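Read-outs throughout are calculated quantities, based only on the coordinates presented, and are distinct from any laboratory measurement. All of these numbers come straight from a predicted model, not from anything done at the bench. Methodologically, a virtual Cβ is constructed for each residue, glycine included, from the backbone with ideal geometry; neighbour enumeration extends over all protein chains shown.
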Amino acid sequence: MLFNSYTFIFIFLPVVLLGFFYLGRFNHAYAAGWLALASLFFYGYWNLAYVGLLLGSIIFNYTFGIWIAKAVVQHETRRKKYLLIFSITANLLLLAYYKYANFFIGNVNIIANTHWSLGQIILPLGISFFTFTQIAYLVDAYQGKVKEYNFIHFALFVTYFPHLIAGPVLHHKEMMPQFSNVSTYRPNYENMAVGMTIFFIGLFKKCVLADGIAGFVGPVFSSPAELSMIEAWGAALCYSLQLYFDFSGYSDMAIGLSRLFGIVLPLNFHSPYKSVNIIEFWRRWHITLSRFLRDYLYFSLGGNRKGVMRRYLNLFVTMLLGGLWHGAGWTFIIWGGLHGVYLAINHGWQELRKVFGQDVELPLSKPMHIAAVLLTFVAVVAGWVVFRSDNIGTAAAILKAMAGFNGFVLPNTWLPKLGLFGQWLALHGIKFGTANGLIGIDAFSWIILLTTGVWFLPNTQQIMSAYKPALDMPKVVAGNRLLWRPTAFFAALVWLMALAAIGSINKQSEFLYFQF
């Protein structure tokens with residue numbers, strides 16, 4: 001079931017909300033149980049067979065979490081360590097089987113010229129997210145941070161439908177106090193207004209913006225041979241913006257839906273294309289995944305505690321595995337490794353600046369700030385080309401065209417549309433000629449429109465900042481005209497966005513992060 005579907009918006013969500021607050025009047029456990037069951041139904045709507053897998057994972061991790069916590073209380077150091085290693089290994093083996101087994105066997109078959117096969121393995125939706133969420137819970141139990149052992153609350157923590165399929169990756173300590181809070185089970189008009197506003201902003205981003213630009217992406221990535229430079233850059237930018245608004249839209253919708261139930265999720269997306277370097281980019285893109293990789297992988301590898309070269313190696317390995325987490329394919333691995341190299345260069349540059357007495361914390365001058373944002377954006381876009389490509393050959397062909405190896409030629413069909421400006425370009429040496437016709441001038445109209453919004457408008461969290469839409473939100477201040485208030489003007493604006501988004505649902509598509 002998709003957030004961007006009539007079934008979800010007009011049937012599932014109202015029924016679940018009414019049942020939750022009705023039961024909450026009498027018994028909070030019933031209300032929490034209702035929400036957990038509704039979340040299981042939401043998951044099972046895709047494939048009922050995998051509900052058993054999800055429930056088995058929940059029971060397994062809940063049981064081991066209790067055993068680990070008891071070993072912590074009883075100071076059984078060796079036992080708690082073995083329990084943690086076994087439980088994490090079991091989680092990773094389950095994830096590896098569903099997500100990576102065929103990839104591994106396929107590569108073995110190529111190398112060894114064998115014909116092994118496990119048959120078709122269907123990847124369970126959200127398995128990466130609910131696996132990482134529960135690994136974080138096990139580590140928190142090992143560190144003595146788990147203070148509540150209510151099974152209904154734990155099941156809700158894992159299955160909670162706003163985050164179940166595509167994040168954010170949650171921490172036990174972030175959610176359990178909210179499930180125990182009496183006010184969570186009482187309807188609140190402010191939560192309803194704030195939640196619906198954020199949800200409809202996210203729905204608009206997905207249905208109108210992300211899906212609107214998506215049609216320009218597929219044809220180029222399906223036929224990358226002999227692209228012109230303009231076509232390659234057009235497709236790369238279109239995909240970068242599609243992914244941005246698709247994931248931003250999902251993140252908004254998850255936060256908005258959760259707020260309807262009086263529960264605040266952690267921030268997971270914060271204008272990453274405004275970043276001045278790659279380090280900042282990963283503090284703004286998929287924030288909870290970056291946090292998980294830092295806390296449970298990078299630090300476990302030694303972080304920056306074992307020398308400069310080991311630090312860079314740890315960064316590279318962390319991002320390599322982060323790339324593999326996104327999918328079983330060499331393009332994802334290369335994308336992760338590329339960002340590992342980016343981060344190593346960024347950290348090395350900062351260390352070099354410190355050697356020469358420059359304070360890396362000082363804000364850049366405006367021209368330098370703009371240059372840094374553009375450089376970071378170009379590096380990220382190049383990475384997205386690898387990320388989106390079906391194979392290495394496609395990625396190489398598109399990157400080659402972007403670098404200008406196929407020449408710079410504007411399609412003939414653009415000349416009449418550009419009018420006098422087109423004639424001026426032709427007179428000043430810009431060539432117009434034959435092209436594949438895969439990227440038209442309308443695609444660049446979308447690119448200009450969306451990049452303007454990305455770079456010059458506040459994001460959803462900034463617009464809603466007066467109502468603390470997410471946990472651990474950076475301190476942000478939006479201009480008075482764009483700071484949301486419960487007024488007739490903003491209500492009308494939000495409903496217009498809602499109508500535009502709902503009217504576009506007939507061409508609904510899955511969120512891109514569902515496949516990860």
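Key figures
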| read-out | value |
| --- | --- |
| Residue pairs, from the table K99/K507; K81/K306; K80/K145; K145/K173, whose Cα atoms sit over 19 Å apart | K99/K507; K81/K306 |
| Spatial separation of Cα centroids for the stretch 11-34 and the stretch 163-217, in angstrom | 18 |
| Angle in degrees between helix 229-260 and the longest Cα principal axis of the chain, rounded to the nearest 10 | 30 |
| Peptides 60-67, 194-201, 267-274, 497-504 ordered by average Cβ neighbours within 10 Å, highest first | 194-201, 267-274, 60-67, 497-504 |
| Dipole magnitude (debye, nearest 20) for the chain, charges at Cβ of Lys, Arg, Asp, Glu | 1140 |
| Amide H within-cut-off set for F269, under 5 Å, with H built and near neighbours excluded | I287 |
| Cβ-based exposure ranking for E174, E231, in which fewest neighbours within 10 Å come first | E174, E231 |
| Placed amide H near V409: partners under 5 Å, 5+ positions off or other chain | M229, I230 |
| The stretch 330-372 and the stretch 246-286: distance between their alpha carbon centers, rounded to Å | 22 |
| Alpha-carbon centroids, the stretch 490-516 and the stretch 121-160: separation in whole Å | 29 |
| Rounded to the nearest 20 debye, dipole of the stretch 6-187 from Cβ charges on Lys, Arg, Asp, Glu | 400 |
| Listed residue (G65, S117, I11) projecting farthest to the positive dipole end of the stretch 6-187, Cβ model | G65 |
| In Hz, Karplus ³J(HN,Hα) per residue of the stretch 338-348 (6.51, -1.76, 1.60; θ = phi - 60°; x = Gly, Pro) | 4, 5, x, 5, 3, 5, 4, 5, 4, 5, x |
| In degrees, nearest ten, helix 51-73 long axis to first principal axis of the chain (Cα) | 60 |
| Karplus-derived 3J(HN,Hα), 6.51/-1.76/1.60, for each residue of the stretch 16-33, Hz, glycine and proline x | 5, 4, 4, x, 4, 6, 5, 5, x, 5, 10, 7, 5, 5, 5, 5, 5, x |
| For the stretch 6-187, convex hull volume per residue from C-alpha positions, Å³ | 130 |
| Packing-based exposure ordering (other Cβ within 10 Å, fewest first) of S275, S240, S5 | S5, S275, S240 |
| For the stretch 177-194, Karplus couplings with θ = phi - 60° (6.51, -1.76, 1.60), whole Hz, Gly/Pro x | x, 6, 5, 8, 6, 4, 5, 4, 8, 10, x, 9, 5, 5, 4, 5, 5, 5 |
| For D246, D295, order by how many other beta-carbon atoms lie within 10 Å, fewest first | D295, D246 |
